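Engineer: Below: one structure in structure tokens.
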Amino acid sequence: MMFKAGRLAVLSGFAALALAAGLNAATPTRIKSTEDLQSRAGPTIDPETAPGRAIFERACAMCHLGGVPKAPSPGFLAMLAPDAIVSAMTTGVMRQQSASLSAAEKIQVAEYLTRTPYASYQRPAPPPRCKGAAAKFDMTDVPAAIGWGHDNRRFVPTEIAGLAKADVPKLKLKWAFAYPAATHIRSQPTVAWGTLFVGSQDGTVYAFDPDTGCTKWTNRLSAEVRTAIVADAASKRLYFGDLLGKVHALDAMTGKELWAAKMSDHADATITGTPTLGGGQLFVPVSSLEVVQAGNPAYPCCTFRGSVVAVDPATGTEKWRAYTAGQPVPQGKTTDGTQILGPSGAPVWNSPTYDAATNRVYFGSGENYSSPADDGSDAVFAVDAATGKRLWNTQLTVGDAWNVGCMMGLGSCPKEGGPDYDVAASPMLVDTATGAKMIVVGQKSGQAWGLDPETGKVKWMTRLGHGGTQGGVHFGMSAEGTRVFVPINDMADTGDARLYDPALRGAGLHALDATNGNIVWQAKAENKCEGRKFCDPGISAAVTSIPGVVFGGHLDGMLRAYDADSGAVLWQYDTNQPMPAIGGQTAKGGSMSGPGAAVWKGKVFVNSGYGMYSHSPGNALMVFEAAK
Ligand code: HEC
């Protein structure tokens, strides 16, 4: 135990940081030193000498170092806020396991795990509460089935958007909110019942008045909210996934938690794609950060495999589970003599697409983590929504096994050695000129694909960029009618010794015809980084469209509105700056990545700040409205 835990202390320096960097469909690329990975700002605790270390080894390690599958690994615990760990030990799920510890010892454990001196951690100041009419919910504003969690085309029709193309150039910042203790934001805002719902890095979910930014309620849960908030019109519940692999259901009117359920037995499981509501079920995509564990040459990689779980939205009870990769079994040893287990990986990073007409669910997978690569990686799946039975799967890149060991040049790197080309963005079910539907998917390789929904057969493929471990296509595309909008990131990253052909560079926004994949227009992004650190011109974040306009947040912090007919920039705003925020605070924008904009009744809601993977940190929720 001592040796193992000692090893952990050294390893978790990297693993915790890599995890703090919030490994996603993207895997770290240009990371040359741990300084490139920013997690929580401020002073840090030395894990080697921290008094909490011995307490953790005595009271927690037997479960949290792999002894109990459901216990999150220390890399995950490192990403929680220190007070969230103390409250888990005091009043939360770990109160029994921590009963023998004094209040001071609990703080020491939290300091050791998070590397954060407890006294230096500012408890979030409560945002102002709404009074009078602003505190009420508008029950006539019934949430439409649009956006992640309902319809992955991310298209907002006129009656909900309430924003004409002609008014887009008049958009002005109306109010901003500074998420406390945050360096990045992964939760996409949702507006329903006249209320703006969004989650944050410290696990708080907010119900804001969209006009003024006061709060109707807030509820702080233990771990980062990593998905969009899904509003269920019928039951008035909100659903979302968190860092520790749990899905939560809250009462939208009060914020009270109705249920929470862990979606995997694996210690490294996490939820990244938004759970999708359809046909009376909630389809939850399960991803994991186990890919990082292979950065430890002694770690037997890997045992996680991706899945989509159908659960009962009323209770969180599992009904079926559809796996991507095959069952991991022993596969020989690495050059370090460590057991290899495979096939593994093929996490599902994206929000599944439900089709009521055929009662089918579509989703895409990432790379295998270990050898052998199988047919479950970098693939698109169609399953029966009633049973989870696989109807077809189409693999877009064959033989892709990769883990963090490859980045570090370790023996744990599988012989396939990548290229880590996840089907990162959600498959979209799009109309075509023939009247037939097309499954349109985007891949980190920089390719967009059109697949026959019946058979999975590839109808077309269009290359739009050179791709990379952070895309290519990363978080999400959008579609208006038969037109598909494809954001391309294409960082010029060479940190993992892979060179991408600059002639193929496509950083920016592209419009395709879903019928045949033909390019309609291309708007390559201007590079305004001028040597700035953590700055890239491309689009990693999901894009959102309204009639005639596409909103795309760029990694350099620029939020742009593109003309859907021509690709011309109609309006832009540099979010990468400090700004006055609700409650006399100052919010700071940064890189834009992960989720995209929400548009509702003339307002545009976006997050800015993505302090991981060589991107700029920030903590801003921004609300724009057209000046009258
Ligand atoms: C007997 C095994 C066991 C021991 C001992 C144990 N844990 Fe846990 N821990 C778990 C499991 C299992 C979970 C996941 C529970 C769940 O998600 O419902 C967990 C979850 C957690 C969480 C996440 C809480 C949340 O709100 O989701 C924290 C933080 C944590 N443990 C800290 C600790 C600390 C600190 C110690 C030592 C004082 C400790 N644990 C000891 C098994 C254990």
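The values are calculated or read from the model by the stated rules, or taken from the named source; none is laboratory data. Computed from a predicted model, the values in this text were never measured in an experiment. Glycine also receives a Cβ, built like all others from the backbone with ideal geometry; neighbour counts cover every protein chain displayed. When the accessible area is computed, the model is the full protein with side chains, heavy atoms only, and any ligands, DNA or RNA have been set aside. Shrake-Rupley method; radii C 1.70, N 1.55, O 1.52, S 1.80 Å.
Engineer: Show me, bin by bin at 10 Å from 0, the whole-percent P(r) of the chain based on Cα pairs.
Structural biologist: In order of increasing distance, the bins hold 3, 18, 30, 29, 16, 4, 0 percent.
Engineer: Oh, and also: To the nearest 500 deg cm²/dmol, what mean residue ellipticity at 222 nm is calculated for the chain from DSSP H runs of n ≥ 4 alone, each contributing -39,500 (n - 2.57), summed and divided by the residues?
Structural biologist: So the calculated ellipticity at 222 nm is -3000 deg cm²/dmol.
Engineer: While we're here: Quick one: Debye curve from the C-alpha atoms of region 244-391, no solvent, what's log10 I(q)/I(0) at q = 0.15, 0.17 Å⁻¹?
Structural biologist: Normalising to I(0) and taking log10 leaves -0.74, -0.90.
Engineer: Now for a different question. List the trypsin sites (Lys or Arg not before Pro) in region 486-549 that DSSP assigns to loop (not H, G, I, E or B) and whose Cβ has at most 10 other Cβ atoms within 10 Å. Which are they?
Structural biologist: Counting only loop positions with at most 10 other Cβ atoms within 10 Å, the trypsin sites (Lys or Arg not before Pro) in region 486-549 are Lys533.
Engineer: On to the next question. Enumerate the residues in region 41-78 having an amide nitrogen under 14 Å from the point lying 7 Å beyond the Cα of Gln339 toward its Cβ.
Structural biologist: Counting only backbone N, you get 66-67.
Engineer: Want the number for Ala104 to Gln331: 0.36 nm per residue separation, take away the alpha-carbon distance, what's left?
Structural biologist: Stretched fully, the Ala104-Gln331 segment lengthens by 77.2 nm.
Engineer: Share of Cα-Cα pairs in region 435-492 beyond 15 Å, in percent?
Structural biologist: The calculated P(r) of region 435-492 puts 48 percent of pairs beyond 15 Å.
Engineer: For the chain, the longest stretch holding no GluC sites (Glu not before Pro) located in a DSSP loop with at most 11 other Cβ atoms within 10 Å is which?
Structural biologist: Answer - 49-529.
Engineer: Whole angstrom only: what separates the Cα centroid of region 361-417 from the Cα centroid of region 232-252?
Structural biologist: 28
Engineer: Enter the Cα centre distance for the pair region 297-332 and region 587-628, rounded to the nearest angstrom.
Structural biologist: 33
Engineer: Here's a follow-up. With θ set to phi - 60°, apply the Karplus curve 6.51 cos²θ - 1.76 cosθ + 1.60 along region 233-245 and write out the HN-Hα couplings as whole Hz, x wherever there is a Gly or Pro.
Structural biologist: Whole-Hz 3J(HN,Hα) from phi for region 233-245: 4, 6, 9, 6, 9, 10, 10, 6, x, 10, 4, 8, x.
Engineer: A further question follows. May I ask you to derive the relative contact order of the chain, considering only C-alpha pairs under 8 Å and at least 6 residues apart, and to give it as an integer percent?
Structural biologist: 13
Engineer: Taking the Cα atoms of region 484-610, report the difference between the largest and smallest coordinate on each principal axis, in whole Å and largest first.
Structural biologist: 50, 40, 20
Engineer: Hey, how many Å between the Cα centroid of region 454-492 and the Cα centroid of region 542-578?
Structural biologist: Using only Cα atoms, the two centres lie 17 Å from each other.
Engineer: Find how much the distance from Arg321 to Ala433 grows on full extension, using 0.36 nm per residue of separation minus their present alpha carbon separation; answer in nm with one decimal.
Structural biologist: Value of the extension gain: 36.8 nm.
Engineer: Going down the table (Lys444/Lys524; Lys262/Lys319; Lys170/Lys437; Lys136/Lys603), which pairs top 25 Å between alpha carbons?
Structural biologist: As for pairs spanning more than 25 Å Cα to Cα, those are Lys170/Lys437.
Engineer: Can you give me the % of accessible surface on region 227-273 that is carbon or sulfur? Probe 1.4 Å, all protein chains present, nothing else counted.
Structural biologist: 51
Engineer: Roll a 1.4 angstrom probe over the protein heavy atoms and tell me the percent of accessible area of region 277-423 that is carbon or sulfur.
Structural biologist: Using a 1.4 Å probe with all protein chains present, region 277-423 comes out at 52 percent carbon and sulfur.
Engineer: Next question, about the same structure. Determine the equivalent ellipsoid of region 475-535 by diagonalising the alpha-carbon gyration tensor, then write out the semi-axes as square roots of 5 times the eigenvalues, largest first, rounded to whole Å.
Structural biologist: Equivalent-ellipsoid dimensions as semi-axes: 26, 13, 10 Å.
Engineer: Compute the Cα gyration tensor for region 417-573, then decide on rounded, prolate or oblate, letting a ≥ b ≥ c be the square roots of its eigenvalues: rounded whenever a/c is under 1.5, prolate when a/b is larger than b/c in the other cases, and oblate in all that remain.
Structural biologist: oblate
Engineer: What helices in the chain pass both tests, a Cα length along the helix axis of 15 Å or more and a mean Kyte hydropathy of -1.0 or higher, using whole DSSP H runs?
Structural biologist: Correct list, ordered by number: 2-20, 103-114.
Engineer: Setting aside same-chain residues fewer than 8 positions from Lys628, which aspartates and glutamates have a Cα under 13 Å from its Cα?
Structural biologist: Output for Lys628: Asp167.
Engineer: With a 1.4 Å probe and all protein chains left in place, how much accessible area per residue does the chain have, in Å²?
Structural biologist: 34
Engineer: Explain nothing, just the number: relative contact order of region 72-152, from Cα pairs under 8 Å at least 6 residues apart, as a whole percent.
Structural biologist: For region 72-152, the relative contact order is 26 percent.
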